[in-house]
Amino acid sequence: MNVPVVIYATEALVRDMDEKVREQALNVACLPGIVRASYVMPDGHWGYGFPIGGVAAFDAAHGGVVSAGGVGFDVSCGVRSLHTGLHRDDVMPVQRELADALFSHIPAGMGSRGAIHLNQTQMHDMLVGGAKWAVERGWGSAADLERIEEHGQMLHAKPSFVSDMAKKRQCDEMGTLGSGNHYLEVQEVTDTHEPTIAEAYGLRRGDIVVTIHCGSRGLGHQIGTDYLRMMVEAAPAHGLTLPDRELACAPLRSELGQQYLGAMRAAINCALANRQILTHLVRLVFARIIPKAQMPLLYDVSHNTCKLERHRVDGELRELFVHRKGATRAFGPGHLDLPEPLRIAGQPVLIGGSMGTSSYVLAGTRESESLAFSSACHGAGRAMSRHEALKHWHGRQVVDDLAARGIIVKSASSRGIAEEAPGAYKDVAAVVDAADEAGLARKVARLQPLICVKG
């Protein structure tokens, strides 16, 4: 090990983490050029290479590496939340109609296709432009870009380093949710904490918000597949002896490392553009069902990224490549990368719960910079595999149970619902409380679902 492992969690959460989490975190600590520590967030669970909930920063000047397994297959999978200007009484009379309309107009499920087809030129422009590209084509407004990390466009993307297969997989998938744990939810703010921060975020008890969770779809998955293979093959030439084949990586200053960064940044732009198009589709549905809805963006955050950031280490500002695998960036108050209206409060950290359970809005803290390179958890974290979940639940049963609690679930797949049953995940409230107690992020608001559209 080049650095220690630090796990931010309660004793109960640590006890429930499978042994593979600790093994993977230890392996990450052995990678060259890693700085300060190998971190695990409170929602940590077994992943590919890195644990999900893993955070690690690398210094290129000291032989640091970039790891495709440290980013993940669904590059820039993330969450965005929108205000609506509505309250429960506006939604409940049309809850079923709204759920049906969202399900009808938001393509979801394995292999789902959207109404948008990108030719070669359009694909290139999207991979370079991200959400900015989408806004320029009428899918949103310039105001949206101020509430997205990187202002909606990840610079230095290199579509030429994205394979033709990855582009082919994505050409009909823009504006789609996909499958797995991706979802769109209509939620009610049921509790607020930290009143000053909640006010800065525009969140009040009784408000209705919409949250979208999805990523870079087939393109991101193919990029992960392509570069993991290339990194494994090139490891001996780079003098890398890997503790785990899944930790395939390349020196940041190598040609392969730079190619991966260029492709990964293109995938980030794909995810940002995808969520932007989905936002436009959601707004169209609300405009038809509840015309008085006003739907500005609260914020959009990514997990599954590697970003070049400046962090203070031993009193010195250093440029580091921060991998966040199932972890959310959580800049504290005053950070210049935050939009002016949010800067005094810190970055919104959007935490998705499991289907039918609460989600949360947190705020980044100044302490998080020194704790884990301004990082926090990203969700509840799985407690059992999808295969194991299928032994415990049936999709129809889950839908009926949630309907009895006033939550409408719409999905193209009964199997997918069973795989994502609430009981298959950890207690998101415990995860959020652990992040709050550790100082990674402050709890600001609790969101309870009323409608859930799933793949």
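The values are calculated or read from the model by the stated rules, or taken from the named source; none is laboratory data. The model shown is predicted, which means the values in this text are computed figures rather than measured ones. Quick reminder, even Gly has a Cβ in these numbers, built from the backbone with ideal geometry, and neighbours come from all protein chains shown. For the accessible areas, the whole protein counts, side chains as well, though only heavy atoms, and no ligand, DNA or RNA atoms are used. Shrake-Rupley method; radii C 1.70, N 1.55, O 1.52, S 1.80 Å.
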Distance in nm between label sites at GLU316 and HIS392, each 7 Å beyond Cα in the beta-carbon direction?
4.8
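Over region 275-369, what is the percentage of antiparallel beta bridges among all DSSP beta bridges, to the nearest 5?
Working: 13 of 13 bridges.
Antiparallel bridges make up about 100 percent of those DSSP assigns within region 275-369.
If you average 1/r over every pair of different alpha-carbon atoms in region 63-110 and take one over that average, what Kirkwood value in Å do you get? Numbers along the way, then the final one.
Working: mean 1/r = 0.0673 Å⁻¹.
In region 63-110 this quantity evaluates to 14.9 Å.
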Kirkwood-based Rg/Rh on the Cα set of region 184-265 evaluates to 1.29
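DSSP beta bridges in the chain, what fraction antiparallel, as a percent rounded to 5?
Details: 62 of 71 bridges.
Around 85 percent of the beta bridges assigned by DSSP in the chain are antiparallel ones.
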Can you give the helix-only mean residue ellipticity at 222 nm for the chain, where every DSSP H stretch with n ≥ 4 adds -39500 (n - 2.57) and the sum goes over all residues, rounded to the nearest 500 deg cm²/dmol?
-10500 deg cm²/dmol
With Cα coordinates, the longest principal axis of the chain makes an angle with the long axis of helix 120-136, in degrees rounded to 10, of 60
Cα-based Kirkwood hydrodynamic radius, region 2-104, one decimal, Å:
16.5
What are the semi-axes of the equivalent ellipsoid of region 56-159, taken as the square roots of 5 times the eigenvalues of the Cα gyration tensor, listed largest first and rounded to whole Å?
33, 19, 17
Which of ALA56, PHE161, TYR425, positive extreme of dipole for the chain (C-beta unit charges):
PHE161
With all protein chains present, calculate the accessible area of ARG96 using a 1.4 Å probe and round the result to the nearest 10 Å².
130
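Provide the convex hull volume over Cα atoms per residue for the chain, in Å³. List each step's numbers first, then the result.
Numbers: hull volume 56.9 nm³, N = 455.
Taking the convex hull of the Cα positions in the chain, it is 125 Å³ per residue.
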Whenever you get a sec, line up ASP300, ASP172 from highest to lowest accessible area (probe 1.4 Å, protein heavy atoms).
ASP172, ASP300
P(r) for region 88-222: what percent of alpha-carbon pairs falls in each 10 Å bin, starting at zero?
10, 31, 35, 18, 6, 0
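How big is the convex hull of the Cα atoms of region 142-205, per residue, in Å³? Let's see the in-between values first.
Values: hull volume 11.0 nm³, N = 64.
Normalising the Cα hull of region 142-205 by residue number yields 171 Å³.
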Measuring from the longest principal axis of the C-alpha atoms of the chain, the long axis of helix 255-289 (C-alpha) lies at a number of degrees, nearest 10, equal to 10
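May I ask which of LYS307/LYS410; LYS325/LYS391; LYS20/LYS132; LYS168/LYS454; LYS20/LYS410 have a Cα-Cα span longer than 30 Å here?
Values: LYS307/LYS410 35 Å; LYS325/LYS391 28 Å; LYS20/LYS132 39 Å; LYS168/LYS454 24 Å; LYS20/LYS410 34 Å.
In this structure, LYS307/LYS410; LYS20/LYS132; LYS20/LYS410 lie more than 30 Å apart at Cα.
How would you order 311-318, 157-164 from highest to lowest mean count of nearby Cβ atoms within 10 Å?
On the way: 311-318: 10.6, 157-164: 18.0.
Ranking the peptides 311-318, 157-164 by packing returns 157-164, 311-318.
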Please identify the trypsin sites (Lys or Arg not before Pro) of region 322-423 that satisfy two criteria: DSSP loop assignment and at most 13 other Cβ atoms within 10 Å. Which are they?
ARG405
Whole-angstrom gap from region 372-440 to region 124-186, using each part's C-alpha centre:
26
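Once the Cα gyration tensor of region 315-441 is diagonalised, what are the square roots of 5 times its eigenvalues, in whole Å and ordered largest first, as equivalent ellipsoid semi-axes?
On the way: eigenvalues 240, 48, 28 Å².
After scaling each eigenvalue by five and taking roots: 35, 15, 12 Å.
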Could you order ASP43, ASP74, ASP191 so the one with the most accessible surface comes first? Probe is 1.4 Å.
ASP191, ASP74, ASP43
Using the C-alpha atoms of region 258-366, what convex hull volume per residue, in cubic angstrom, is computed?
144
Give the cross-link partners of LYS426 among the aspartates and glutamates, using a straight C-alpha distance below 12 Å as the criterion and excluding same-chain residues fewer than 8 apart.
ASP16, ASP43
Compute for region 326-400: radius of gyration divided by Kirkwood radius, i.e. Rg/Rh, restricted to C-alpha atoms, rounded to two decimals.
1.17
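What FRET efficiency comes out for ARG15 versus LEU284 if R0 is 41 angstrom and r is the Cβ-Cβ distance? Round to the nearest 0.05.
On the way: r = 47 Å, r/R0 = 1.14.
According to the calculation, E is roughly 0.30.
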Any chance you could give the angle, 0 to 90 degrees and rounded to 10, that helix 428-438 forms with the longest Cα principal axis of the chain?
50
How large is log10 I(q)/I(0) at q = 0.23, 0.26 Å⁻¹ when the Debye formula is applied to the Cα atoms of region 267-321, each weighted equally and without solvent?
-0.94, -1.03
What FRET efficiency do you get for GLU233 and ILE344 if R0 is 51 Å and r is their Cβ-Cβ distance, rounded to the nearest 0.05?
0.55
Show me, bin by bin at 10 Å from 0, the whole-percent P(r) of region 314-358 based on Cα pairs.
22, 34, 34, 8, 1
When the Debye formula is applied to the Cα atoms of region 235-281, each taken as the same point scatterer, what base-10 log of I(q)/I(0) results at q = 0.14, 0.15, 0.19 Å⁻¹?
-0.51, -0.55, -0.69
